[in-house]
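Right, one structure below, let's go through it.
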Amino acid sequence: MTAKALPPLARRDLDLVLNETREMWERARGQRIFITGGTGFFGCWLVESFCHVNRELQLEAQATVLTRDPAKFAAKCPHLANDGAITLHEGDVRSFDFPEGEFPFIVHAATEAVVQQSADEVLSTIVDGTRRVLEFAKARGTKRFLLTSSGAVYGRQPAEMTHVPETYVPAPGEVDAVNAYSEGKRKAEALCAEMTRGTELETAIARCWAFCGPHLALDAHFAIGNFIGDVLAGRPIAIGGDGTARRSYLYATDLIVWLWTMLFRAPALVAINVGSARDVSIRELAETVARTLASRTEIQVAKHPIAGAAPARYVPCVERAEQLLGLRETVPLEEQIRRTAEWHGFTPER
């Protein structure tokens, strides 16, 4: 079955990225950027925002995007695949052939979320993939390298900790596919330090949390995507747990502004949380989705809360991002939900 072509991102979102990052792009004028994971949620936003900035500022820059299936990506996002500034490079992140020429900038955004793989496969993709991309960076004269790590590196958030700072060091977890992802990201960060020691390659580390926006899967393991998908399909919103877990969501424009800023400006090997500190319970999230899109939507909660039990949390402290780079959240949760639904063709209630 041929993949359905997805719509371009809204001009307002692309202009927000441009306006917030305009001054730093001069470093990329006439240069080449290599992007891994360029066909997923992060990648589509990175590639499309790059194309927009490149056109508007007349940078004459080029981006090479690593993908296992160029034809699939071209069918999904033809407006990106057909952009003259984009080259699709076929290969597995663990073993791809190095494209020729120098690449002063690399964004390594592969394995942004857990997929249905064995623990060994998850670890191999993250660790061996990061090693391969770092080898490529050292071979092609890269000056700035951005690793998209994850808030998962902290493991289970302590119940008494409302927001996780970058200084928190967790105990190792059990070895399964989920914890393999966490361990893989920790090892990927360590590789960045180990393989760039004594070189001129500067590596920024973005510990990414939870996000909302166009290109987010509506049928995976992302609660906010699932809830929006429920409303778009005319179903009740289904909460699998008791609704007390607390999460926070950063809109994709803010995410991409933070990532581009970190690529160009973040201090080397200083991990920085990328996410929102404004948390809500899963029940409150469901209610916000319903209120924003279709107020009559029914909310079904699978389990009853346990009296006195502390809620499970997955919420970052983002003070370091603000203090070091002046980064901030700009899109409220209700607007995140509305823009995501509208990109999918839904007309929210007004």
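The values are calculated or read from the model by the stated rules, or taken from the named source; none is laboratory data. Because the structure is a prediction, the values reported are computed rather than measured. Using ideal geometry, Cβ is built from the backbone for each residue, glycine included, and neighbour counts are taken over all protein chains shown. These accessible areas exclude ligands, DNA and RNA; they are computed on the full protein's heavy atoms, side chains included. Shrake-Rupley method; radii C 1.70, N 1.55, O 1.52, S 1.80 Å.
Things to note:
- Linear extension gain, Ala233 paired with Ala159, 0.36 nm per residue minus alpha-carbon span: 23.2 nm
- Stokes-Einstein diffusion coefficient of the range 161-294, Kirkwood radius over Cα pairs, 4 °C, 1.567 mPa s, in µm²/s: 76
- Shape call, the range 1-86: gyration tensor on alpha carbons, a/c limit 1.5: prolate
- Computed [θ] at 222 nm, helices only, for the chain once each DSSP H run of length n ≥ 4 contributes -39500 (n - 2.57): -11000 deg cm²/dmol
- The convex hull built on the alpha-carbon positions of the range 233-350 has an orientation-averaged projected area of 9.1 nm².
- Note on the chain: with a GNM built from Cα contacts shorter than 10 Å, the maximum mean-square fluctuation among Gly225, Gly184, Gly198 falls on Gly198.
- Helix 252-265 and the longest principal axis of the C-alpha atoms of the chain enclose an angle of approximately 30°.
- Simple label model, 7 Å out from Cα along Cβ direction - Asn82 to Glu100, nm: 2.8
- Taking every protein chain into account, the accessible area of the chain amounts to 44 square angstrom per residue (probe 1.4 Å).
- When the Gaussian network model of the chain links Cα atoms closer than 10 Å, the mean-square fluctuations of Thr199, Thr162, Thr36 top out at Thr199.
- Averaging the Cα positions of each part gives two centres, and for the range 271-311 and the range 68-120 these lie 33 Å apart.
- Apportionment of accessible area to carbon and sulfur, the range 43-103, percent (1.4 Å): 43
- Mean projected area of the Cα convex hull of the chain, taken over all directions, amounts to 17.6 nm².
- With Cα atoms, 0 to 90° folded angle of helix 282-293 axis to the chain main axis: 90
- Degrees, to the nearest 10: 333-343 long Cα axis against longest axis of the chain: 70
- Backbone N within the range 48-66 under 20 Å of label point (7 Å from Arg11 Cα along the Cβ vector): 48-59
- Cross-link reach list, lysines versus Lys76, counting only Cα pairs under 29 Å and skipping chain neighbours closer than eight places: Lys4, Lys185
- Fluctuation leader among Ala137, Ala233, Ala294 - the chain, Gaussian network, Cα springs under 10 angstrom: Ala233
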